[in-house]
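The values are calculated or read from the model by the stated rules, or taken from the named source; none is laboratory data. Note that the coordinates shown come from a computational prediction; the quantities given were computed from them, not determined experimentally. We place every Cβ from the backbone using ideal geometry, glycine too, and count neighbours over all the protein chains shown. For accessibility, only protein heavy atoms count, side chains too; no ligands or nucleic acids. Shrake-Rupley method; radii C 1.70, N 1.55, O 1.52, S 1.80 Å.
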Amino acid sequence: MSTTSDLLDDPADPYEGGIEVDEQDARRVSPAAWLEGVKDRLDAWATRVTYGR
């Protein structure tokens, strides 16, 4: 019983200190980052077609 109560009183925080991921690494594997580039190119194309620029 004392072992269980010791664990419950002071749980270890697995996220203590935070989780750091390099932004470049996150963009390399993130589908959202890939789609953002596609969206930007599509928006630029639509602007050129719409306004003739």
### Message
Which residue is modelled with the highest pLDDT, if the candidates are limited to the stretch 8-39 and must be among the hydrophobic types (A, V, I, L, M, F, W, C) and open to solvent by less than 90 Å² (accessible area, probe 1.4 Å)?
### Response
V38
### Summary
Result of the Cβ filter at 7 Å on the stretch 33-53, keeping first residues that are within 20 Å of E23 (Cα to Cα) and partners that are surrounded by 10 or more Cβ atoms within 10 Å (Cβ to Cβ), at least 6 apart or interchain, is A33/R27
